[in-house]
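Colleague: So that we are looking at the same thing, I have put the structure below in C-alpha cells.
The values are calculated or read from the model by the stated rules, or taken from the named source; none is laboratory data. Everything quoted here is computed from the prediction, not taken from an experiment. Here the Cβ is made from the backbone with ideal geometry for all residues, glycine too, and neighbour counts use every protein chain on show.
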Amino acid sequence: MKLLAIDTSGDTCSAALLLDGGVEQLLETAPRQHGERILPMMQALLDGAGLLLTDLNALAFGRGPGSFTGVRIATAVIQGAAFGAGLPVVPVSTLGALAQGQFRRGGQRRLLTALNARMDEVYWGCFEIGEHDLAVAQGEERVCPPERIAIPAGAGWYGVGPGWSAYDLTLQTQVGDALDGANPAAFCEARDIAVLAAADFTAGRHLPPELATPVYLRDQVTR
Amino acid sequence: MRVLGIETSCDETGIAIYDGEQGLLAHAVYTQVAIHAEYGGVVPELASRDHVRKTLPLIRQVLDEAGLPPASIDGVAFTAGPGLIGALLVGAALGRSLAWAWGVPAIGVHHMEGHLLAPLIESPAPAFPFVALLVSGGHTQLVDVAGVGRYRILGESLDDAAGEAFDKTAKILDLPYPGGPELARLAERGDPQRFRFPRPMTDRPGLDFSFSGLKTFALNTVRTELPLAADPVQTRADIARAFEEAVVDTLVIKCRRALRETGHRRLILAGGVSANRRLRERMDSAIAAEGGETYYPRPMFCTDNGAMIAYAGWQRLRAGQSEPLAFKPRARWPLEALPPLCASAAG
C-alpha cells in the first residue's frame, strides 16, 4: 500500500506518505501560504522515498470541515494530481483525523472533536476507536452552537480540537461528568488522514477525482 | 506546443486547448449566472464552491471532445489574477497540480492579458502595436500594446467600470440580472432623440473614464419621467437607449483620442461589453473614418473564457517562462507589472 495524503484545512499545512504501514510526514505552520507550500512538500516526500506519483495506489485529503478556502485548496490539488496520474482519491473527515491523532498521541478511545466554526458555532463530531484501532464516527458530523451538541451515551469521553478552547466552558458543561479531559491544542494532520484513508481504500471506499469534493457542513453562506 | 487553459477568476469556469500550429482545438465555458441571479450579484463563496465542482469535469469533457490524450498536452495555463481570490485559488491549485502530475510546465496568466490577446486567436489577427480597449463588468482600460507583455495603461475608469454601469442602470430599470445585455436589448426599441445623457470626461483632455454619474443620471431620469409617462414601457426603452448612447459615445471618443495620441492604426476591443452590437457599429465607423482598423474576438470570447488563458499561456510558455510548484494567485495585479517576453521559440 502506497498512499499520499495532504491537509490544508487549518493554519498548518501537512503532507504524509504511507508506505506499507509506516508513515513519513512533513508539517509546517503556514497560515494563508498553503498554495506555496503543499506541492513542494508532496514532491519532497516522493523524492525522499524514491517514488513517482504514478507508483502510488491512491491520494487522500482532508475534505473538511475547516477553512472553506483551505479545504478547497486540498481538494483541487488532489483532484488535479489524481486526474493527471490516473489515481483514485480517498476523501477523509478532518474531524475523524483529529480523533485518530489523539488516539495516536494519548491512546484515548472515545473522542469528542470540535473545531471553531466561528459565528458562535462549532464543527462537531463524535468518534470511537474501533477494531484495527481506527476512528469510527458515532452519528453525523454537524455545525451547531456549542449549547446544542449531540452527546453520545456512556462515559469516558475525551475532548479534542481547537473548538474546545474557543467554547471551553460551554462544551464542558454540556458533556458534564462524561468528560475525562480535553486536548484543545490538537490539530488535524495528514499522517492521520493517511492511516484512515489506507483502511478506506482497502475496503473499496475511494472515488474518481472529480467526485472527491469538500464537505463544508456550513451550507448557509449568504444572508 | 499544446496548452490547456483554465479560467476561474469570477463566475465562469472556462477550459480550452490551444495548439501553436493548429490553433484552438477545443473549448467550453460553464456559467454560474443562474446561481448568483437571486442575489443580484456574484457571491464569492458560492462562486468558489461551484468552481471546485465544475472545473475537473469540464477539463475531462474538453479533452474527450477534442479526442486528445492527456499525454499530448505540453503545458498548463491558469488564471492567477486579478479576480476573486477564492475562485482563483481553485483554478490555480488544480492547474498547477495537474501540470505537476503530467510532468509539464505551468504558467499563471494575468486575466486582463488574456482578454487583450484574445483577438489574436482570430483570423485575421491584428499585428502589434495596437490600442486595446478592455471593457467589462470589472474593468474599463485603454492600453497601449507594443507586444506580448509590453503594456502601458493610457487611461482607466476612476469609478464604475462600463459594464458595472450597464448592470446598475439595468437594475434601476427593473431588468433581470445580469442586466447589461438586457439593457442593450431594451435600448434597441428606444428613441435616441428623446433624452440626452452627459458624456462624462469628454470635455477635457486625457483618457480616463467615469461612469458612476451616468447611473445617477439614469436614476434621476427614471424618478422624474416614469411617474408621468403615458407609455412607461417606451419611456424605459428611451432611457435605456439614452444611457447606451452616452456610454458608447464616450468610449468611441476616448478610443479615437487614444489612436491619435499613440499614432497607432489598430484598435482591439475585448471584455464583456465589447460584445455590445451598438458599440461595435459605432466604433467600426468612427475608427474607419480615421483610416484605422478595429478587431474583436468572437462574441463568445469577449466574456471570460478558457481560450484566452490557453492562448496567453501558450505565448509565455513557448518563450520559456514557467512557474515553480508554489502557486499564489493575486486578487489585485497591475497589468503593467507583467514581464515582457524576452526569448522567442517556434510554436
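Colleague: Closer than 14 Å to A:ARG63 by Cα, surrounded by fewer than 19 Cβ atoms within 10 Å (Cβ to Cβ), at pLDDT 95 or above and of a type in the set (A, V, I, L, M, F, W, C): which single residue out of A:LEU207, A:LEU217 fits that description?
Modeller: A:LEU207
Colleague: While we're here: Assess whether A:ALA137 counts as being of a type in the set (A, V, I, L, M, F, W, C), more than 17 Å from A:GLY181 (Cβ to Cβ), surrounded by fewer than 20 Cβ atoms within 10 Å (Cβ to Cβ) and touching a residue at least 40 places away in the same chain (Cβ under 8 Å).
Modeller: Here the answer is yes, as A:ALA137 does meet what is asked.
Colleague: Could you list, ordered by first residue, the pairs with Cβ atoms under 9 Å in which the first is in region A:160-175 and in the same structural domain as A:PHE103 (by the TED database) and the second is small (Gly, Ala, Ser) and in a helix (DSSP H, G or I), at least 6 apart or interchain?
Modeller: A:VAL160/A:ALA99; A:VAL160/A:GLY101; A:VAL160/A:GLY106; A:GLY161/A:ALA99; A:LEU171/A:GLY163
Colleague: Within region B:40-52, restricting attention to residues that are within 7 Å of chain A (Cβ to nearest Cβ) and free of Cβ contacts under 8 Å to residues at least 24 places away in the same chain, which residue is farthest from the chain's Cα centre (by Cα)?
Modeller: Residue satisfying both the conditions and the ranking: B:LEU46.
Colleague: Sticking with this one: Looking at region B:53-75, which of the residues that are acidic (Asp, Glu) and assigned to a helix (DSSP H, G or I) is nearest to the other protein chains (Cβ to nearest Cβ)?
Modeller: Among residues in region B:53-75 that are acidic (Asp, Glu) and assigned to a helix (DSSP H, G or I), the one nearest to the other protein chains (Cβ to nearest Cβ) is B:ASP64.
Colleague: Still on this structure, please answer the following. Considering only region B:6-48, how many residues are among the acidic types (Asp, Glu), within 22 Å of B:PRO82 (Cβ to Cβ) and assigned to a strand (DSSP E or B)?
Modeller: Residues that pass the stated criteria total 2.
Colleague: Select from region B:150-165 the residues that are surrounded by fewer than 20 Cβ atoms within 10 Å (Cβ to Cβ) and part of a loop (DSSP other than H, G, I, E, B) and list them in ascending order.
Modeller: B:LEU158, B:ASP159
Colleague: Need the failing condition index for B:SER322 against (1) within 21 Å of B:SER97 (Cα to Cα); (2) assigned to a helix (DSSP H, G or I), just the number.
Modeller: Every listed condition holds for B:SER322 apart from (2).
Colleague: Given the residues B:ILE17, B:ILE35, which is the only one that is assigned by the TED database to the domain that holds B:GLY103, surrounded by fewer than 22 Cβ atoms within 10 Å (Cβ to Cβ) and either at positive phi or in contact (Cβ under 8 Å) with a residue 24 or more places away in the chain (or both)?
Modeller: B:ILE35
Rundown of residues vs (1) within 17 Å of A:VAL195 (Cα to Cα); (2) more than 10 Å from every other protein chain (Cβ to nearest Cβ); (3) buried (at least 24 other Cβ atoms within 10 Å of the Cβ); (4) in contact with a strand residue (DSSP E or B) (Cβ under 9 Å, 6 or more places away or on another chain), yes/no style:
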| residue | (1), (2), (3), (4) |
| --- | --- |
| A:MET42 | yes, no, yes, yes |
| A:ALA60 | yes, yes, yes, yes |
| A:GLY66 | no, yes, yes, yes |
| A:ALA82 | no, no, yes, yes |
| A:ALA85 | no, no, no, yes |
| A:THR113 | no, yes, yes, yes |
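Colleague: Criterion first (in contact with a helix residue (DSSP H, G or I) (Cβ under 8 Å, 6 or more places away or on another chain) and either β-branched (Val, Ile, Thr) or in a helix (DSSP H, G or I) (or both)) does B:MET308 satisfy it?
Modeller: Yes; evaluated as a whole, the condition is true for this residue.
Colleague: Does B:HIS139 satisfy the criteria of being farther than 30 Å from B:ALA237 by Cα and either touching a residue at least 60 places away in the same chain (Cβ under 8 Å) or surrounded by fewer than 23 Cβ atoms within 10 Å (Cβ to Cβ) (or both)?
Modeller: Taking the combined requirement at face value, the residue does not satisfy it.
Colleague: Which one is nearest to the other protein chains (Cβ to nearest Cβ), of the residues in region A:198-223 that are small (Gly, Ala, Ser) and within 9 Å of A:VAL90 (Cα to Cα)?
Modeller: Only one residue tops the list, namely A:ALA212.
Colleague: Right, another one. Which pairs have Cβ atoms under 7 Å, sit 6 or more apart or on different chains, and link a residue in region B:242-268 that is among the aromatic types (Phe, Trp, Tyr) to one that is outside any helix (DSSP H, G or I)?
Modeller: B:PHE243/B:PHE197
Colleague: I want to confirm something. Restricting to region B:76-134 and keeping residues that are free of Cβ contacts under 8 Å to residues at least 60 places away in the same chain and within 14 Å of another protein chain (Cβ to nearest Cβ), which single residue is surrounded by the fewest Cβ atoms within 10 Å (Cβ to Cβ)?
Modeller: B:GLY103
Colleague: Let me ask something else about it. Of all residues in region B:207-248, how many are more than 21 Å from B:GLN141 (Cβ to Cβ), surrounded by fewer than 18 Cβ atoms within 10 Å (Cβ to Cβ) and either of a type in the set (Gly, Ala, Ser) or not assigned by the TED database to the domain that holds B:ALA165 (or both)?
Modeller: 2
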